[in-house]
Each structure stands twice: as structure tokens, then as C-alpha cells.
Amino acid sequence: MAGRSVSAQETDKAIESKVKHLLSQMTLEEKVGQMTQVDFSVIGAPVSGDEYSDGAIDQAKLEDALIKHHVGSILNAPSIPNIKAQPVDTWRKIMRTLQDTTAKTRLKIPVIYGIDAIHGATYTENSVLFPQAINMAATFNPELSFKEGEITAREVRVSGLQWNFSPVMDIGRQPLWPRLWETYGEDVHLATAMGESYIKGHQGNDFSAADKAPTCLKHYVGYSYPLNGKDRTPAWIGERMLREYFLPTFAAGVKAGAPTVMINSAEVDGIPGHANYQYLTTILRGELGFKGFTVSDWEDIKRLYTRDKMAASPKEAVKIAVMAGVDMSMVPFDFSFYDLLVELAKSGEVPLSRINEAVSRILKVKYQAGLFDPKPLPVVEDNFAAPEAIETSRQAARESIVLAKNDRNILPLKKDAKILLTGPTANLLSVLNGGWTITWQGSAENLYPQDKLTVLEALQRKSTGKVTYIGGDSFNAPIDIQKVVDEAKNHDVILLSLGENTYTETPGNIESLNIDQAQVDLANAAIATGKPVVLLTLGGRPRIITSIAMRASGVILAFLPGMEGGEAIADILYGDYNPDGKLPISYPRNTNAITPYDYKPTESFDVNFYTPLYPFGHGLSYTSFETSGLKVAKDKVRMGENISVTVNVKNTGALKGKESVLLYINDVVASVTRPNKQLKAFKKVELNPGQTESLSFTLTPQDLSFIGVDLKRVVEPGDFKVMVGNETVGFTVTK
Ligand code: BGC
């Protein structure tokens, strides 16, 4: 791997020989077991009704899995049907039981336990839960992503868990998709920067360290771009687009050292992710140089038969997937994969060499993660829910909230303002967090930590005036609109807290980005009172708010700011924090107006325009900034040279604040149509009023390249534009 130190290379060699030695002692069954991953429910003691399991393990079932079926990996929290976060101690107990049972197996190969620690340790009670990825992207602050990685890994490890199914490196260019918020937004450069930093924080230089853990890039590749917007439905991505928009984040993740990759649950161009040899083997291994192992997504090998009708039997499905390059199967409820693959190997339909290859990759990651020689778990004190970690999450939340509109400086509000707060998202913690929070769908409001603050509670804490709340105690509870209208006259401002309930994956599928009628009615009535209205939105997708936003005095887009989100919102509303978040997506004006910021010429030609409600990169502050003096070091650069760019940024307002300076380029004439602009660099700086800072950027040949007619990356000589703020400068690349 590029950039590995000499000692790391030596370690790699030592690991390779250990893997070889171990593999030589393994039976076929032991090997296939390593490739098998099952859900906790396969080893868990039965749950009664919909009672939550307390993590109890059925020892006989565990031995069946580990001793009889040689299972190599387990995932998920206890237990189907009600997966939910467990206390640290429960997790530690589960992990001890697994270790004790592993000790009874012939070769004592440790299990690797995987978990979706999507925005912090999702399934450990009271862990630090960060803003979701879409918010992290809005911070334009990779340092915060690094810290999120560090804190998440530490809390996962404190829980004894060993492997994180994160980060999502899919690009979010389809706003209907119910997992948009799990991505770092629509731009390749931004998503790359945030994802890379997360991986580096999570893994450090050596992920066998007691407080580090391996990451998993997902969902390779093209999963995020379903044509109809519904989860796990077809994407039609041509190879050029795949290489230009969807592969680079994964390439960067591989380069950053992520040792595992989870596979796209749907299909691209007619081929299911789990059957795609070209993607899983030719490109991932051959081109991206990935040396770790791939894991299927949930039940997806079976689905090649049950859903995709690509295989004529479950057995053929296993054969297709393994031969395409799937190394581990998230089966997840039985041992069918194990049984079928043993049969396929015995009959020679799957060659032993392929099984050896997959198992070697898995064992290698287990050695790299230190699982054969486990270090004591980090102590809970100082390493779990530490005040500094909570503060980091709160800072990330503050930096992730986008002030989209602020007419006549309606915001910040005075502390003694009389606020009428209403709307379905005003008094719930779940809607600040979204899916993958305590439970899969994140909707179990009763399980949320009582000491965390909703928007209402956070406002009440800070207010020296009056905060009146009119709303229900669940998302769908009807709101008394007449009461809102009657109460308006007793208040200075109406704060409308709208948005979405929690969801992820297929339960979050929708057919329209329109916000529901009940919320529109509430907003219309509030606006009709004539009192100034501030609109606050929470939720994972850009639901259509155009007519409300046009008439509101202020608009705050908070997306899913996490467990400290209520406080962060109050910090911004009252001006205790000067907002600096910027949109990592284009916020559509209408449901079908989903043109991205890096649109092609035809998308802004003749009758077509890029007219989102708020463009990518939009975000206001309580101060103002100006960029000026944009310069490229040379007018002409030779092919292959770097180009230096400088620009000044000044705080022209009266308050201290942070500004993200975004640098775009445009390749003026090219053999493949080029986007009007593409983000290639950004820097976030904090400036006092009147302060100016000079920023320098380096554009590399890679930044100027695109996927050419022959599907290879190319830089074409000719003119380029560089754009920052209102300025544009140019340079020419000569042969
Ligand atoms: C999701 C993955 C997740 C896996 C394990 C799947 O349904 O698509 O993102 O990692 O479940 O929970």
C-alpha cells in the first residue's frame, strides 16, 4: 500500500506468513466458516414477544455457530426483531463469552464482531452520537470528521466491538434516496476529504491499537443513485460516470487504508452488486489495489436467487457471488451459505484457490486488527462519553447547521424574545438524530437519553423571555393550528420546526419530496398571522419548503445534527454561536428539480437553468466575508505540473466567525462535456472582524483530469477557469 512505513511493511510480511501457516492447518469447513457472518439472533437466547433481549447468549447455539460451523464473524446488536443499543457492560460480557467459546475451537481463530457505528457507537447505550454524515459534510471541516472517527472507534472498542460498517462513501446525488443523509453529499471532492479523514481518525496508523478499529467502505458501488429514488433499486450508471463520480471516494478510502468493503445491495446497469465481477474483482482489486476483504450486505447473496432471479437456486447464488469476488457473506440468519459453499467446493464448482484467497484476506484483517492477541479493552472512564467528546459532537453540530435565509437580521433572537414554537420536530430527540440511533430506524423516542435536549428544551434553558410550545408528543400527533394562530399575538416570533420523521433504508422510501400537507397547513396559518416566522427544518432529505421559505423571515436547515443538535440549534438561534455550515447538496426548489451544482452545459441552456432554492455551498453567517485577489501563479503551465492559487478572505462584518472558502475549476473545452464547475479544494478559517487571511491552494494534474472518451483519466491541454467567490481567473495547460 502506498506510503506504508518500513516497519508496517515488515508487519505485513509477518502477518502474511502467519496467515499462510494458519491456512495450511485449516479444513475446508473451517475455511468456509471464516467466510460466514451471522446475526446476533443466531446465537442469542430467545426473546419473548417484543421484549428486548438483554444480550443473553444461548451457549448451545453459540457452540453450534463457532464450533460446528466455524463462523468467522457476527454482526448487529441484540436482537431481532428489536435490535437496540446495549449498555457497555452487556457488550463486554457478550465479547467475553465469544472469546471463551473461541478458546474451545480447534484453531482458536477469533470472531470479528461488526457493528453499524454510523454516527458514533450507535448500538452502545449513552455513546456520543455525532451529527449524521450529511451534516458532517456541511461543516466543511475534515478535522471534525477525523475526531468523529477517533471518538467512534474508541467507544466501539470500549464496548469490545471490533469492526465498524462505516463510512458510507456513496455520493448523494439522488435526494429521494432514503439514505442520502448517510452520505457526505453530492460532491466528490468534499465526500473524499470527509471520508478519508474519518478513516484516518478511526484507524490511526495501526488499527490494532486498543482504541482503534477497522472501517468498512460502503456500499461499493453505485448504490446511492437509484433512478426512481427508492432504496435497493436499479442504478443506470455508465462506466464513465461510475469512474468520474462514484469510484473516486472508494479509491480514496482504499488508499486511506480501509481494510474492508461492503457491497452494493442493489444493481448497476443490470448487474447486481454481488454478482459484479468487473466491479468486485477487476476494478476493486486490479485497479484500486484493494487488499482487504469484501463483505456482502444483508442477505444479498440469497437475494441473487430470491429477488434478482439471477441464479436458478440458492446454491448457484452462492457460486455467482463468491466467484464475482464476495469474500464474506452476511447471511445472516442461518448456515445455508456455509452448507452450500462446502458443497460447491467439494464438487469443484468453486475452486479451493478462491476459498483460500477469501479466507487469507479475512485472516489478514483479523491479524491486522490484533484480534489474535487482544489488548485489554480501554477503561470505560475517560474513554466513553467523555465531556470533551460530547463537546466535539456539539461543535460538529454547530458547524453543520446551515443558516439559509436571514431577512432583516431576524436572527439571532434576543434571549428575552417571546417565542412561539410549533411543529412536529420541535420536541423530539429522534428527529435530531435519524436512523441508526439506538435502534435501526432511530424512532424509539422512549429509549433516548433523558439528559439530552430537544429544540424546545434547549430554547427553554437559554431563554430569559418566554417560550410557548404548541405541538404533540409524537411526530404524527395533530397540532392545534387555531391555538397557534390565537397565541401568535402574544409572541415576537414564530419558530416553525418542520421536517421528517426518522428512517433509513427501504422503510424510508418516498414518492415525492413534498413535505406533508399537515405541515404545509400549519406553516400557512403561522405565516398568515403576520408575525415573523423562522423556519427550522430537521430531516435527512431536502423536502420541498419553497413556498414556506419564500415567506419566512429566516430559514435554518439543520438536517440531522445528532444528540447535541437541540443545543446547537439554540446556540445558533440566540447567537451564542455564529453559524458557518454550508450546504453539501443543492437544495431543490421543486420535487423534480434535482440538478446538481456541477451540472453539465445542457442543464443550463435554452430553457434549462440551475435554480435550486439554495445552491451547493450556500450558508450565511451573522458576520460577512469577502474573498478577493484571486490569483494563479502562472498563466501557462506545462502538462503534469501543479498550479498554485492564492486568494484573500476578509471578515467584513462585526462578529468573529468561520468561513469555508471553496475553490472550483472549469475545463473550458473538452472531448467529454465538462461540468460548469467542480469543487477541487476548500479551506475553513476563523477570522476576527476586519481580519484578512491569505489562503493558498495547490491544484494537481489529477484535479484537472476527467474520464476521457476511452474511459481513461486524461488531462487535455487548453484553458481552465478557477473560481472563488465572485472572481474567476484562468490559466492554460500546454503540452
Ligand atoms: C445495510 C448496511 C448495514 C447492514 C448491517 C444493511 O441492511 O444496507 O448499511 O451495514 O445492513 O446492519
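Restricting attention to segment 535-548, which residues are assigned to a strand (DSSP E or B) and crowded, with 24+ Cβ neighbours inside 10 Å? Don't jump to the end; show me each part of the working.
The first filter runs over segment 535-548 and keeps only residues assigned to a strand (DSSP E or B), leaving 535-538, 544.
Of everything in segment 535-548, those that are assigned to a strand (DSSP E or B) and crowded, with 24+ Cβ neighbours inside 10 Å turn out to be 535, 536, 537, 538.
Give the residues of segment 323-334 that are over 16 Å from residue 313 (Cα atoms), surrounded by fewer than 20 Cβ atoms within 10 Å (Cβ to Cβ) and out of contact with any Asp or Glu (no Cβ under 7 Å at 6 or more places or on another chain), sorted by residue number. Steps first, please.
Restricting attention to segment 323-334, the residues satisfying the condition of being over 16 Å from residue 313 (Cα atoms) are 324-330, 332-334.
Next, only the ones that are surrounded by fewer than 20 Cβ atoms within 10 Å (Cβ to Cβ) stay: 333-334.
Matches in segment 323-334: 334 only.
Could you please find all residues in segment 59-91 being more than 16 Å from the ligand (Cβ to nearest atom), outside any helix (DSSP H, G or I) and farther than 27 Å from residue 18 by Cβ?
87
Return yes when residue 252 is away from the ligand (no atom under 16 Å from the Cβ), under 26 Å from residue 705 (Cα atoms) and within 19 Å of the chain's Cα centre (by Cα) and no when it is not. Show your work before the answer.
On the way: away from the ligand (no atom under 16 Å from the Cβ): yes; under 26 Å from residue 705 (Cα atoms): yes; within 19 Å of the chain's Cα centre (by Cα): yes.
When the stated conditions are applied, residue 252 passes them.
Would segment 409-425 turn up any residue that is open to solvent by less than 20 Å² (accessible area, probe 1.4 Å), among the polar types (S, T, N, Q) and touching a residue at least 40 places away in the same chain (Cβ under 8 Å)?
Yes, that holds for at least one residue.
Considering only residues that are open to solvent by less than 10 Å² (accessible area, probe 1.4 Å) and away from the ligand (no atom under 16 Å from the Cβ), which ones fall in segment 335-368? Spell out the reasoning first.
Step one: filter segment 335-368 for residues open to solvent by less than 10 Å² (accessible area, probe 1.4 Å), giving 337, 341, 344, 350, 355, 358-359, 362-363, 365-366.
If the condition is that a residue be open to solvent by less than 10 Å² (accessible area, probe 1.4 Å) and away from the ligand (no atom under 16 Å from the Cβ), then 341, 344, 350, 355, 358, 359, 362, 363, 365, 366 are the ones that fit.
Could you say which residue among 647, 672, 668, 637 is touching a Lys or Arg at 6+ places or on another chain (Cβ under 9 Å), open to solvent by less than 10 Å² (accessible area, probe 1.4 Å) and touching a residue at least 40 places away in the same chain (Cβ under 8 Å)? Break it down stepwise before answering.
Numbers: 672 fails: open to solvent by less than 10 Å² (accessible area, probe 1.4 Å); 668 fails: open to solvent by less than 10 Å² (accessible area, probe 1.4 Å); 637 fails: touching a Lys or Arg at 6+ places or on another chain (Cβ under 9 Å).
Only one candidate passes the filter, namely 647.
Going through segment 227-264 one residue at a time, which ones are outside any loop (DSSP other than H, G, I, E, B) and touching a His at 6+ places or on another chain (Cβ under 8 Å)?
Kept after step one, since they are outside any loop (DSSP other than H, G, I, E, B), are these residues of segment 227-264: 235, 239-255, 260-263.
Those that are outside any loop (DSSP other than H, G, I, E, B) and touching a His at 6+ places or on another chain (Cβ under 8 Å): 262, 263.
Output yes when any residue across segment 116-125 is out of contact with any strand residue (DSSP E or B) (no Cβ under 9 Å at 6 or more places or on another chain) and more than 16 Å from the ligand (Cβ to nearest atom), and no when none is.
No.
From the list 154, 173, exactly one residue is of a type outside the set (A, V, I, L, M, F, W, C) and surrounded by fewer than 24 Cβ atoms within 10 Å (Cβ to Cβ). Which is it? Working first, answer last.
Details: 154 fails: surrounded by fewer than 24 Cβ atoms within 10 Å (Cβ to Cβ).
None of the other options fit; the residue is 173.
Of 506, 529, which residue is of a type in the set (Ser, Thr, Tyr) and out of contact with any helix residue (DSSP H, G or I) (no Cβ under 7 Å at 6 or more places or on another chain)? Before you say what the answer is, go through the steps one by one.
Working: 529 fails: out of contact with any helix residue (DSSP H, G or I) (no Cβ under 7 Å at 6 or more places or on another chain).
One residue alone meets the criteria, 506.
Residue 299 versus (1) more than 16 Å from the ligand (Cβ to nearest atom); (2) out of contact with any Leu (no Cβ under 9 Å at 6 or more places or on another chain); (3) open to solvent by 10 Å² or more (accessible area, probe 1.4 Å): which is the lone unmet condition?
(1)
The values are calculated or read from the model by the stated rules, or taken from the named source; none is laboratory data. Bear in mind the structure is a predicted one, so any value in this text is a computation, not a measurement. All Cβ positions, even for glycine, are placed from backbone atoms using ideal geometry, and neighbour counts span all protein chains on display. Quick note on the areas: whole protein, heavy atoms, side chains included, nothing else; ligands and nucleic acids left out. Shrake-Rupley method; radii C 1.70, N 1.55, O 1.52, S 1.80 Å.
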